[in-house]
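The values are calculated or read from the model by the stated rules, or taken from the named source; none is laboratory data. Just so we're clear, the structure is a prediction, and the values are computed from it rather than from any experiment. Accessible surface areas use protein heavy atoms only, side chains included; no ligands, DNA or RNA. Shrake-Rupley method; radii C 1.70, N 1.55, O 1.52, S 1.80 Å.
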Amino acid sequence: SIQHARSLKFRSRLVPLEEAANSQQPPANLIIADPRIERALHSLQPSDRALITLFYWEELNLQEIAASMGSNTNAIKTRLFRARERFRQTYEAQEKE
């Protein structure tokens, strides 16, 4: 029963990647103060945008993201690292404009 209770604790926070990636609207609790960040996020691929959103705004840890995506933690860690790099490049390119 303890394990079942633990699994229910984060149940409402887990979002399938397809749902997060296909969402055109940002989550209701996603408040971005800097419009450059919003433009950089929207220019990313949906899968990259979903990973960054789940990790930073939804505050899911790597294990929770991996469970919702049906992947392992190391793969999610690598994909998140690459998504951050693409975000950084996009953001810096906007600063130069």
- prompt: Any chance the stretch 31-39 includes a residue that's more than 17 Å from PHE87 (Cα to Cα), within 11 Å of the chain's Cα centre (by Cα) and at pLDDT below 85?
  reply: no
field: Matching residues in the stretch 58-97 - criterion: being outside any helix (DSSP H, G or I) and open to solvent by 40 Å² or more (accessible area, probe 1.4 Å)
entry: GLU58, GLU59, ASN61, GLY70, SER71, ASN72, GLU97
field: All positions within the stretch 41-56 that are within 8 Å of the chain's Cα centre (by Cα) and open to solvent by 70 Å² or more (accessible area, probe 1.4 Å)
entry: TYR56
